[in-house]
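The structure under discussion appears below in the form of C-alpha cells.
The values are calculated or read from the model by the stated rules, or taken from the named source; none is laboratory data. Being a predicted model, the structure only gives us computed values, none of them experimental. For neighbour counting, all protein chains shown are included, and Cβ atoms are generated from backbone atoms with ideal geometry for every residue, glycine included.
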Amino acid sequence: FFAYTIYLGAGEQGSRGAGEQLASESSSPSVSSLPSSSIHSPIHPSTQWAALELLQALGFRVNPNRQLCQSAEDVQNYYDQWATRRLQLSYLTDGVVVKLNDFALQQQLGFTQKFPRWAVALKYPAEEVPTLLESVSFQVGRTGAVTPVAELRPVQLAGTTVARATLHNADRLAELDIHQGDTIIVRKAGEIIPEVVRVLAELRPENAIKVTMPTHCPQCASALVKPDDEAVTRCINSSCPAIVQGAIIHWARRDALDIEGLGEKWVKQLVEQGLVHSVADLYSLTEADLEPLDRMGKRLAEKLVGAIAASKARPWPSVLYALGLRHVGTVNAKTLAQHFPTVDALAAASPEEIATVHTIGPEIAQAVAQWFEVPANQTLIDRLRQAGLQLAADEDQAQAAEAGALGGKTFVLTGTLPTLTRPEATALIEAAGGKVTSSVSKATGYLVAGEKAGSKLTKAEGLGIVILSEADLLALIGQD
C-alpha cells in the first residue's frame with residue numbers, strides 16, 4: 001500500500017493555515033544536526049514527510065497537525081476526527097489535503113493540465129446558518145442576464161459577514177418557493193459565493209408575498225425574455241444602462257481593448273451622465289466631456305482620452321473578443337479571426353460555415369451568427385469602423401504569418417516547458433503562422449510536450465502525432 005502525508009487545508013479566510021511555510025524568527029540548526037532517520041537526504045528528501053521534517057528543522061513553520069498515514073482507512077479516520085476538532089483551530093479550514101508520500105510516485109502520476117494527480121482535497125460540508133430575507137433585488141449583467149439576489153439580515157458565515165446571496169435564476173426561485181420575510185438557510189458555495197440552500201417555510205410570516213422574476217428589466221423597463229432552452233432570464237435592450245456599463249467595462253479590459261485608466265467608477269459616471277450609450281461613444285469623448293466628472297480633472301481627462309485613442313490600434317482578434325459575443329472568449333476570438341480575416345466576412349458567414357471552424361461548435365456558431373443579425377449590432381460595427389477600429393487582420397502581418405515556418409500547422413501544448421510559459425510559446429507559434437488549440441485530435445499537427453505532460457501526450461502518441469520538445473519547437477521556428 002501507499003503511505004499518505006495528510007494535513008488540514010485552510011479556507012480562503014485562513015491565517016497561517018496548512019502548508020504555509022513561513023520563516024521562523026528562531027535560529028535554524030545546521031543541516032548536519034538533522035536526524036538521519038527521518039530524512040533520506042538533507043538536501044534532497046525523497047518523501048513529502050521528510051521534506052516537511054526538513055523544513056521544520058530549518059526553522060520554517062509547517063502544520064503541526066500533519067500525519068503520516070499507512071492506509072486509506074487511516075486517512076478516513078483522520079478526516080473524521082478533524083470534522084469537529086478543526087473548529088478549535090486559530091484559523092479557518094475547509095477540508096483535509098492528502099498527498100502520496102513518495103516523491104517518485106508523485107512524479108510517475110504527474111499532473112493534469114491544472115492539477116496534480118497525486119494529491120486531493122477532501123472538503124468538509126459547507127457551514128450553513130439561518131438568517132432573515134429582508135428583500136430580493138435583481139441585477140442585470142453585461143449580457144443582459146437578470147440575476148435575483150437575496151438581501152439578508154447580516155450574519156456571520158465562514159469567517160465573514162454575509163448580507164447578500166445569489167438566488168441564481170427563475171427556476172431556482174420557483175424551486176425554493178421563496179417569500180418576502182422568509183427565514184432561510186445560507187451557505188458559501190465552494191466556500192466562496194454565498195447562496196440560499198433552503199427556506200424554513202414553517203417560520204414564514206402570514207400573508208407573505210411570493211418572490212417571482214420581474215417581467216420587465218429593473219434598469220430600463222424593457223420586456224424580459226426567457227428562452228425555453230435556457231435557465232437565464234434576459235434583457236435584450238442593447239441600450240439598457242446596465243448592459244452598456246458591463247459592455248464598456250469588458251471592452252476596456254487588458255485582454256480586450258486595454259484602455260488604461262477606464263475603470264468601473266469612471267464607466268459608471270459616463271453611463272449615468274449620459275455621455276456614452278455604447279462602446280462606440282467612447283471614441284467621440286473629449287477632455288471637456290470628461291473634466292466635469294467627479295475627481296477627474298484635466299490631467300486625468302487628457303490621459304483617458306489618449307488611452308481611448310490608443311486602443312484603436314488593437315488588432316482584429318482583440319476587437320472581436322471585446323465585442324462580448326456569447327461563448328466567444330480570447331481563444332475563440334483568435335480562432336474566428338484567423339478564419340474570417342474581416343468583420344464583414346464573419347458577419348456574412350452562416351452558422352453552418354462558422355461551425356466548420358475547428359473547435360467552434362454549433363452553439364457558438366449560432367450565437368455569433370445571431371449577434372450579427374441584430375440591427376443595433378450592425379450599427380455598432382459601422383460606428384466602430386468610422387472611428388478607426390481594426391476590424392480586419394493586418395494583411396502584411398497575416399501574409400507574413402502564413403508564409404512563416406509554421407504556416408497552417410496546428411499545435412497543442414502540454415506539460416511545463418523549460419523556459420517558455422504557455423502564453424509565450426503560443427505567441428511564438430502564432431507569430432510563425434501556426435495555430436494553437438487546447439485539445440488533441442486528428443487535425444493536430446504537433447504536440448509540444450514539457451515536463452509532467454499528461455493525458456494529451458498519451459492521446460497524441462496513440463494518434464501518431466509528432467511530439468516536440470521546447471528545443472524542437474524553437475528549432476522548427478528557427479530560433480534555436
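Is it the case that the stretch 337-356 has a residue that's surrounded by 20 or more Cβ atoms within 10 Å (Cβ to Cβ), within 19 Å of residue 380 (Cα to Cα), within 23 Å of the chain's Cα centre (by Cα) and not assigned by TED's automatic domain parsing to the domain that holds residue 260? Even if it seems obvious, please write down each step before you answer.
We begin by selecting, within the stretch 337-356, every residue surrounded by 20 or more Cβ atoms within 10 Å (Cβ to Cβ); these are 337, 340, 343, 346, 349, 354.
So of that shortlist, the ones also within 19 Å of residue 380 (Cα to Cα) come out as 337, 340, 343, 346, 349.
Right, trim to within 23 Å of the chain's Cα centre (by Cα) and you get 337.
Still in the running and not assigned by TED's automatic domain parsing to the domain that holds residue 260: 337.
Scanning the stretch 337-356, I find at least one residue that is surrounded by 20 or more Cβ atoms within 10 Å (Cβ to Cβ), within 19 Å of residue 380 (Cα to Cα), within 23 Å of the chain's Cα centre (by Cα) and not assigned by TED's automatic domain parsing to the domain that holds residue 260, so the answer is yes.
Counting only residues that are among the acidic types (Asp, Glu) and surrounded by fewer than 16 Cβ atoms within 10 Å (Cβ to Cβ), how many does the stretch 184-207 have?
First, pick out the residues of the stretch 184-207 that are among the acidic types (Asp, Glu): 191, 195, 202, 206.
The next check asks that each one be surrounded by fewer than 16 Cβ atoms within 10 Å (Cβ to Cβ); those that pass are 202, 206.
The number of residues fulfilling the criteria is 2.
Residues being among the small types (Gly, Ala, Ser) and in a loop (DSSP other than H, G, I, E, B): count how many of those fall in the stretch 112-132. Full working, then the answer.
First, the residues of the stretch 112-132 that are among the small types (Gly, Ala, Ser): 119, 121, 126.
From what's left, in a loop (DSSP other than H, G, I, E, B): 126.
The total comes to 1.
Just to be sure before I move on: is residue 427 among the aliphatic types (A, V, I, L, M), in contact (Cβ under 8 Å) with a residue 60 or more places away in the chain and on the phi < 0 side of the Ramachandran plot in the structure I sent? Steps first, answer last, please.
Working: among the aliphatic types (A, V, I, L, M): yes; in contact (Cβ under 8 Å) with a residue 60 or more places away in the chain: no; on the phi < 0 side of the Ramachandran plot: yes.
When the stated conditions are applied, residue 427 does not pass them.
When you look at residue 354, is it β-branched (Val, Ile, Thr), in a helix (DSSP H, G or I) and modelled with pLDDT under 95, yes or no?
It is true that residue 354 is β-branched (Val, Ile, Thr), in a helix (DSSP H, G or I) and modelled with pLDDT under 95.
Given the criterion more than 30 Å from residue 375 (Cα to Cα) and not basic (Lys, Arg), identify the matching residue among 264, 175.
Working: 264 fails: more than 30 Å from residue 375 (Cα to Cα).
Just one listed residue meets the conditions, 175.
Out of curiosity, is residue 414 in contact (Cβ under 8 Å) with a residue 60 or more places away in the chain, crowded, with 18+ Cβ neighbours inside 10 Å and of a type in the set (Ser, Thr, Tyr)?
Judged against the criteria, residue 414 is a match.
Could you give me the residue pairs with C-beta distances under 6 Å whose first residue belongs to the stretch 156-172 and is in the same structural domain as residue 231 (by TED's automatic domain parsing), whose second residue is at pLDDT below 90 wherever it lies, and which are 6+ apart or on separate chains?
Filtered contacts from the stretch 156-172: 158/127; 158/188; 159/13; 159/92; 169/231; 171/231.
If a residue has to be surrounded by fewer than 21 Cβ atoms within 10 Å (Cβ to Cβ) and touching a Leu at 6+ places or on another chain (Cβ under 6 Å) to count, how many in the stretch 279-328 make the cut?
Residues flagged as surrounded by fewer than 21 Cβ atoms within 10 Å (Cβ to Cβ) and touching a Leu at 6+ places or on another chain (Cβ under 6 Å) within the stretch 279-328 amount to 6.
Restricting to the stretch 239-249, what's the tally of residues that are small (Gly, Ala, Ser) and over 25 Å from the mean Cα position of the chain (by Cα)? Full working, then the answer.
Narrowing the stretch 239-249 to residues small (Gly, Ala, Ser): 239, 242, 246-247.
Within this subset, residues satisfying the condition of being over 25 Å from the mean Cα position of the chain (by Cα) are 239.
The number of residues fulfilling the criteria is 1.
I'd like the residue in the stretch 457-477 that is buried (at least 16 other Cβ atoms within 10 Å of the Cβ) and in a helix (DSSP H, G or I) and, out of all such residues, is modelled with the lowest pLDDT. Quick ask: steps written out before the conclusion?
From the stretch 457-477, those buried (at least 16 other Cβ atoms within 10 Å of the Cβ) are 457, 459-460, 465, 468, 470, 473-474, 476-477; that's our starting set.
From what is left, the residues that are in a helix (DSSP H, G or I) are 457, 459-460, 470, 473-474, 476-477.
Numbers: 457: 90, 459: 88, 460: 89, 470: 89, 473: 89, 474: 88, 476: 86, 477: 83.
The selected residue is 477.
Would it be correct to say that residue 181 is surrounded by fewer than 18 Cβ atoms within 10 Å (Cβ to Cβ), at positive phi and without any contact (Cβ under 8 Å) to a residue 60 or more places away in the chain? Don't jump to the end; show me each part of the working.
Numbers: surrounded by fewer than 18 Cβ atoms within 10 Å (Cβ to Cβ): yes; at positive phi: yes; without any contact (Cβ under 8 Å) to a residue 60 or more places away in the chain: yes.
In short, yes.
Look through 152, 157, 167 and report the one residue that is closer than 30 Å to residue 328 by Cα and buried (at least 19 other Cβ atoms within 10 Å of the Cβ). Outline the logic, then answer.
Working: 152 fails: closer than 30 Å to residue 328 by Cα; 157 fails: closer than 30 Å to residue 328 by Cα.
Checking each option against the conditions leaves just 167.
Residues in the stretch 377-408 that are modelled with pLDDT of 85 or more and outside any loop (DSSP other than H, G, I, E, B): how many? Break it down into steps so the answer makes sense when it comes.
Taking the stretch 377-408 first, the residues modelled with pLDDT of 85 or more are 377-393.
Right, trim to outside any loop (DSSP other than H, G, I, E, B) and you get 377-387, 392.
Residues that pass the stated criteria total 12.
Might you check whether a residue that is farther than 22 Å from residue 261 by Cα, in a helix (DSSP H, G or I), in contact with a helix residue (DSSP H, G or I) (Cβ under 8 Å, 6 or more places away or on another chain) and not acidic (Asp, Glu) occurs anywhere in the stretch 322-330?
No: zero hits.
Among the residues of the stretch 429-444, is there at least one that is modelled with pLDDT under 85, part of a helix (DSSP H, G or I) and surrounded by fewer than 19 Cβ atoms within 10 Å (Cβ to Cβ)? Please lay out each step first, then the result.
Our first condition is that a residue be modelled with pLDDT under 85; within the stretch 429-444, this holds for 430-439, 441-443.
Then drop every residue that is not part of a helix (DSSP H, G or I), which leaves 430-431.
When the remaining residues are screened for being surrounded by fewer than 19 Cβ atoms within 10 Å (Cβ to Cβ), the result is 430-431.
For the stretch 429-444, residues modelled with pLDDT under 85, part of a helix (DSSP H, G or I) and surrounded by fewer than 19 Cβ atoms within 10 Å (Cβ to Cβ): present.
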